[in-house]
Each structure stands twice: as C-alpha cells, then as structure tokens.
Amino acid sequence: GLPALVAGVIAVALLALMTGALHEDGLADMADGFGGGHTVEKKLAIMRDSSIGAYGVIALVLVLAAKVGALADLNDIGVVMSGLICAAAASRAAMPAMMRWLPPARGDGLAAEAGRPAAVHVWTGIAIAVILSVLLLTWSGLVALLIAAAAAFSVGLLARRQIGGHTGDVLGGTQQITELIFLLALAAIR
C-alpha cells in the first residue's frame, strides 16, 4: 500500500543494511580512485583511503536513486521480488567471475588474499543466476541478465585499464553496477 518510490527506497535501504553497505562502499571507493587518481599508484591509494570523495558520493547517489527508480517503475510486487532475487544472483556471480579472469591489482588486500576461485565455482554462480532469471522472469530475466553481464564485463575492462586488475573495491563496485543494470534492463523491458 505504500507509494512505489517509498517502497523502492525501503527495499534499497534493506539491501544495503543486510550487507553492511559493503558493496556500496566499494562502489564509492572505486569511483573516487578511478576519477581522482592520475597514476595507478594514486588510484590505489585513494581507493584504500577510508574517506569518501566527490566521485564516490555522486556514484552512490546516482546508483541508489536509479535502483529506487527502477524498482518503482516495475510496480508489481512479484516482479520486484523476482527482480531483486535475480539481480542479487547475477551481481554476486559477477564477482567471482572477475576474480577468476582478472588479476589482482595489488599483492596485498582482501581481494588478493581471497585468491582465484576455481572455474567450477565461477560457472556454478553463473548457472544459478541464469536458472533463477529464466525461472522467475522468463525471457525478460534472460535479457536483463545478458545486459547486466555486459555491464560487469565493461567494469572489468575499465578496472584493467585504470589499475591493471581487480581489488575488493572493484568487486564491490562491480556488484553494485551489475545489480543496477539488471534492474534497469528489467524495468525497460517490462
């Protein structure tokens, strides 16, 4: 019975609360580093800094607002719930895929310590995302998944160009961007 925008705000807030806003923090740090540094070393130093800068604030505001808008536009509780489940699966499958196919940008840090996941685990995550998207959202879920995968791949290319690989912040940023693009694609299709 709530207005769609208010329900969208609550849903996005609950997602951030459930994860401790870990991925949102990664998005902000990635945006600050990629936007504010002129060398790889400076970008990595900015990303490691716990304070948030203008690029990070802008990225967070835009991504969160776009998620709220996409959810409000879907305006059907079944599609919203299915979309959130599938977007979560797709965006979390993107992280181990990036860890597998993109080297760590630095030798220390959580991403480097986590190591490289086995291919079977990467493909299992991708398979789960595909199965959920097809079962819960049929063809629109598959299309949204493919568009979101292209977005995740693009973030990987950007990370390789900017810092030579992935970090924990890049993984968090990838999760946020993949989730957003999945929801936007789903809203555009439906």
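The values are calculated or read from the model by the stated rules, or taken from the named source; none is laboratory data. Everything quoted here is computed from the prediction, not taken from an experiment. Cβ coordinates were reconstructed from backbone atoms using ideal geometry, including for glycine residues, and neighbour counts include every protein chain displayed. Accessible surface is based on the protein model in full, side chains and every heavy atom, while ligands, DNA and RNA are left aside. Shrake-Rupley method; radii C 1.70, N 1.55, O 1.52, S 1.80 Å.
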Relative to the longest principal axis of the chain, what angle (0 to 90°, nearest 10) does the C-alpha long axis of helix 4-19 take? 40
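Could you tell me the calculated FRET efficiency between Ile85 and Thr124, based on Cβ-Cβ distance and R0 = 22 angstrom, to the nearest 0.05?
Values: r = 17 Å, r/R0 = 0.77.
Calculated value: 0.85.
Express in nm, to one decimal, how much length is gained between Ile131 and Val40 on full extension, taking 0.36 nm for each residue of separation and deducting their alpha carbon distance.
Working: separation 91, 0.36 × 91 = 32.76 nm, distance 3.82 nm.
28.9 nm is the gain from fully extending Ile131 to Val40.
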Over region 1-72, give the accessible area per residue in Å² for a 1.4 Å probe, as an integer. 53
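How large, in percent, is the carbon and sulfur part of the accessible surface of the chain at a probe radius of 1.4 Å?
After summing per-atom areas, the C and S share lands at 71 percent.
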For Arg116, the accessible surface traced by a 1.4 Å probe with all protein chains present amounts, in square angstrom to the nearest 10, to 150
Roughly how much of Asp108 is accessible, in Å² to the nearest 10, using a 1.4 Å probe? 80
Could you compute the FRET efficiency for Ala150 and Ile77, with r as their C-beta to C-beta distance and R0 at 35 Å, rounded to 0.05? 0.80
So the angle from the long Cα axis of helix 77-101 to the longest Cα principal axis of the chain, reported in degrees to the nearest 10, equals 20
17 Å reach of a label modelled at Asp108, 7 Å along Cα-to-Cβ, counting backbone N of region 146-182: 167-169
Can you give me the angle between helix 22-36 and the longest principal axis of the chain, using Cα atoms only, in degrees from 0 to 90, rounded to the nearest 10? 50
Any idea what the relative contact order of the chain is, in percent, if you count C-alpha pairs under 8 Å spaced at least 6 apart? 32
Could you check the spin-label model distance between Ala66 and Ser50? Points 7 Å from the Cα along Cα→Cβ, value in nm. 2.9
Arg100-Arg190 pseudo-label distance in nm [points 7 Å out on the Cα-to-Cβ vector]: 2.9
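Report, in deg cm²/dmol and to the nearest 500, the calculated mean residue ellipticity at 222 nm for the chain, where each DSSP H run with n ≥ 4 adds -39500 (n - 2.57) and the sum is divided by the residue count.
Numbers: 8 runs with 158 residues, N = 190.
The per-residue figure over the chain is -28500 deg cm²/dmol.
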